[in-house]
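Trainee: I have a structure I would like to understand better, so I am pasting it below and will then ask my questions one at a time.
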Amino acid sequence: MGLPVNVTLACPSCDRPSKAPVDQPGDWQCYACDHRLRLSAADKSLPICVVCGNHELYKKKDFPQWLGGTILLTAILLSTITYYSYEKWWSWSFLIGSAIIDGAMYLLVGDVVVCYRCEAHYRGFTATDAHKPFEIAIGERYRQERMRKEQMKADSAGKASPS
Ligand SMILES: [Zn+2]
Ligand SMILES: [Zn+2]
């Protein structure tokens with residue numbers, strides 16, 4: 001048995017986040033708006049996004065950003081307090097300690113593969129060389145595509161129900 005492979009996706013229709021297993025093909029249904037998707041089983045090397053069929057995916061560390069920030073903030077706080085009240089050795093050890101914890105967590109947490117287009121998050125996969133870290137230029141291209149789509153949605157909604 002390998003790691004459970006699953007995808008966290010936003011419903012294409014109502015944007016509610018949801019989770020689905022992708023080790024075998026299956027039907028996914030949004031619990032909020034009943035939107036249905038047919039998900040095919042994801043290939044181990046994950047060449048395309050099974051949610052939207054997009055072939056551009058990037059990898060990133062599955063590291064919650066708030067956690068890293070909290071560790072650093074706590075360390076700075078502790079080292080500032082100890083700097084004034086105790087010995088400076090303590091301040092240094094807090095700062096160095098937090099850097100070590102940070103580094104260890106970075107190694108411990110796995111990769112998550114993310115679709116540029118629909119931002120589906122794939123977990124339980126081993127990122128391959130085909131998955132590059134996030135590139136701003138590509139991300140920008142998809143961001144603009146999303147904005148265009150949303151604009152179109154808003155336009156058609158405005159036409160459908162003039163208020
Ligand atoms: Zn939905
Ligand atoms: Zn996608």
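Values quoted throughout were computed directly from the atomic coordinates according to the rules given, and no laboratory measurement underlies them. All values reported here derive from a predicted model rather than from experimental measurement. Please note: Cβ atoms are built from the backbone with ideal geometry, for glycine as well, and neighbour counts cover all protein chains shown.
Trainee: Any chance you could give the angle, 0 to 90 degrees and rounded to 10, that helix 65-85 forms with the longest Cα principal axis of the chain?
Mentor: Here the helix axis deviates by roughly 20 degrees.
Trainee: Answer rounded, prolate or oblate for region 65-107, using the Cα gyration tensor with square roots of eigenvalues a ≥ b ≥ c: rounded when a/c is under 1.5, else prolate when a/b is larger than b/c, else oblate.
Mentor: On the way: a/c = 5.55, a/b = 1.89, b/c = 2.94.
Oblate shape, in that a/c is at least 1.5 and b/c is the bigger or equal ratio.
Trainee: Can you list the equivalent-ellipsoid semi-axes of the chain, largest first and in whole Å, using the square root of 5 times each Cα gyration tensor eigenvalue?
Mentor: Working: eigenvalues 310, 100, 45 Å².
Ellipsoid semi-axes (Å, largest first): 39, 22, 15.
Trainee: Next up: By counting other Cβ atoms within 10 Å of each Cβ, how are Val51, Val109, Val114 ranked from fewest to most? List each step's numbers first, then the result.
Mentor: Working: Val51 24, Val109 13, Val114 20.
Least to most surrounded, the residues fall as Val109, Val114, Val51.
Trainee: Quick one: if the Förster radius is 35 Å, what FRET efficiency do Ile138 and Ser40 give, using the C-beta to C-beta distance and rounding to 0.05? Could you put the intermediate results ahead of the total?
Mentor: Working: r = 24 Å, r/R0 = 0.68.
FRET efficiency, Ile138 to Ser40: 0.90.
Trainee: How big is the Kirkwood radius of region 86-163, worked out from every pair of different alpha carbons and given in Å to one decimal?
Mentor: Numbers: mean 1/r = 0.0587 Å⁻¹.
Across region 86-163, the inverse of the average 1/r is 17.0 Å.
Trainee: Can you grab the distance from the C-alpha centre of region 1-64 to the C-alpha centre of region 109-163, Å, no decimals?
Mentor: So the two Cα centres are separated by 13 Å.
Trainee: Another question, then. Do the sum for the chain: with -39,500 (n - 2.57) for every DSSP H run of n ≥ 4, divided by all residues, what is the mean residue ellipticity at 222 nm, to the nearest 500 deg cm²/dmol? Display every interim value, and only then the final one.
Mentor: On the way: 3 runs with 67 residues, N = 163.
Computed ellipticity for the chain at 222 nm equals -14500 deg cm²/dmol.
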